[in-house]
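The values are calculated or read from the model by the stated rules, or taken from the named source; none is laboratory data. Just so you know, these numbers come straight off a predicted model, no measurement behind them. Glycine gets a Cβ as well: all are built from the backbone with ideal geometry, and neighbour counts include every protein chain shown. Surface accessibility is based on the protein's heavy atoms, side chains included, excluding ligands, DNA and RNA. Shrake-Rupley method; radii C 1.70, N 1.55, O 1.52, S 1.80 Å.
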Amino acid sequence: MNLQNEVETKPSHSSRWMRFLLAPALALLLGGSFAAYRFATPSSASAAMAAPPAAPLDANTVSPLISLNNAMESLAAHVTPAVVNVTVTSRAKAENMQGQVPEEMQQFFGQFFGPGGQGQNMQPQSRIEHGLGSGVIISPDGYIVTNNHVIDGAVDIHVSTSDRRVMSAKLIGTDPLTDIAVLKVDGKNLASAPWGDSGSLRPGETVLAFGNPYNQNFTVTRGIVSALNRANPDSDRRKPGEFIQTDAAINPGNSGGPLVNVRGEVVGINTFLISPSGSFSGMGFAIPAQIAKSTADNLIRYGKVDHGYIGIGITDVTPENAKFFNLTNSDGAVVTQVEPDSPGGKAGLRTGDVITNVDGNKITGAGQLQVQVGEKQPGSTLNLSILRDGKAMSLPVTLENMDHAKASAENASTEQGKPRWGIGLQDLTPDLRQEIQAPSDVHGAIITDVQPGSSADNAQLQRGEVILEVNRHRVENAAEVRDALKNVPAGQDALLLVYSSGGNTYRVLRATQNN
């Protein structure tokens, strides 16, 4: 029994031999199985492969966009060679560096100060500044248009082109009133941009702005014409408006760069922005080509610009005020002031007249009238069509030179006390009395102008107020006020009784170094 069991439990010789042969074979099979497993599982054991991407849109589907992109690229490539970077070295007084531009209105002129410009021991004397702006070449022989405020006070001007040429520029002329300046570089066959018709622009039209914002040279941005005929925010009422408003991104350094239409024509010259932060916030403004071109042409031809002067204050007719002037629509410009001895005064214009037509051209607003008058040469005669109390009239007005008229007024006012006290005066006429709604017992001289920083300004006098007394003596008209102020001894103050906002108040004109 034990033997049987022993036989049954002991392997025979043949069986041991079979096991010896099967062991390597089994190892080979297992090895092959592991290998097969190792090489057969990566697709499921490792990260999954990305599916093939979706096909791009068919070119026929987006062909209008492709055409638009191609057109914009061609337009930018065509205009950019005519754009220049303007680098200016200038001298400016330290005390003039603050408060020149309201916070919300920033000109696109990038400025930076040289070494020592912010030194604590610097005296308020002339110092060197360096500035960056933009410009556009308007003729193959090298005439360049930029802004007056870019090159104001410049002692050295250089321009650089998109192909990295740097050239010295000569100042041909400036016109502070329109903020246009013309430079000249030596060259032939230079890339240039043609002028366009800003009068044909419409809100919503595509425009491109070119320039060098924040020293990022030769930048182009695209937008639309947001609005037209925007008024000039400057306090100088002689400066024309009619600005083009655009949402094409423009920033400091864009001053003087071109605003172009889709044909590559210059329809405006970038000049300022309105922003609470000082950088672009969707409201940039350009001088229309209608103004910029005629100004540049005169600067190139004569080196200066003589602006026609009519000597009136004007405002728009609006739907709200039209009925008070017996008008059925809101076209035209209302005369709000007529300066004494001005061309308008000599022609017989009155406060409350509505100018509807100039030389056969319809006037839709005050800005349009201002531009038309400013473009005319002194000595020209304009035929004005006006409505006075609803009745049509025609008045010829011969323009004078604005600068000469201003100088004459300043010289005449030396005897009238204007430079001394900083105040402009006019007789209180029935029309003016009605305009300010002054009662019949108010007699004196109405204030027409207050010079910033003057004694009158410090006394908080304002246009439209009426001076009734000077140093406790009644006055009946502008001449009596002027004589009374002229006779105030040098270094002494003057006491005024002023009618303002329906009541009388006393104001003191303080003596200054000038008086």
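Can you compute the FRET efficiency between Leu68 and Gln451 using 1/(1 + (r/R0)^6), with r the Cβ-Cβ distance and R0 = 56 Å? Round to the nearest 0.05.
Using R0 = 56 Å, I get an efficiency of 0.60.
Once neighbouring chains are kept in place and the probe is 1.4 Å, which whole percent of the accessible area of the range 136-292 is contributed by carbon and sulfur?
C and S fraction of accessible area: 47 percent.
Give me the accessible area per residue for the range 191-233, probe 1.4 Å, as a whole number in Å².
50
Quick one: accessible surface of His158, probe radius 1.4 Å, all protein chains present, in square angstrom to the nearest 10.
Roll a 1.4 Å probe over it and His158 shows about 60 Å².
Can you tell me the FRET efficiency between Asp156 and Gln460 if r is taken as the Cβ-Cβ distance and R0 is 45 Å, rounded to the nearest 0.05?
Using R0 = 45 Å, I get an efficiency of 0.55.
Could you rank Tyr499, Tyr506 by how accessible they are, 1.4 Å probe, largest area first?
Tyr506, Tyr499
Using a 1.4 angstrom probe with every protein chain in place, what is the largest-first accessible-area order of Met72, Met283?
The ordering from most to least exposed comes out as Met283, Met72.
Set the bar at 22 Å for Cα to Cα. Now go through Lys188/Lys304; Lys323/Lys391; Lys293/Lys376; Lys239/Lys304; Lys293/Lys346 and name every pair that lies beyond it.
In this structure, Lys188/Lys304; Lys293/Lys346 lie more than 22 Å apart at Cα.
Mind checking the full-extension length gain between Glu320 and His78? Use 0.36 nm per residue of separation minus the Cα-Cα distance, one decimal, nm.
Length gained between Glu320 and His78: 82.5 nm.
From the square roots a ≥ b ≥ c of the eigenvalues of the alpha-carbon gyration tensor of the range 342-391, which class results: rounded (a/c under 1.5), prolate (a/b over b/c), or oblate?
oblate
For the range 374-389, take each phi angle, set θ = phi - 60°, evaluate the Karplus expression 6.51 cos²θ - 1.76 cosθ + 1.60, and give the result in whole Hz per residue in order, putting x for glycine and proline.
So the J values, rounded to whole Hz, are x, 7, 7, 6, x, x, 6, 10, 9, 9, 9, 9, 10, 10, 10, 6.
For the range 222-281, what's the relative contact order in percent, using C-alpha pairs closer than 8 Å and at least 6 residues apart?
Normalised by residue count, the contact order of the range 222-281 is 26 percent.
Calculated FRET efficiency, Thr512 and Ser277, Cβ-Cβ r, R0 35 Å, to nearest 0.05?
0.45
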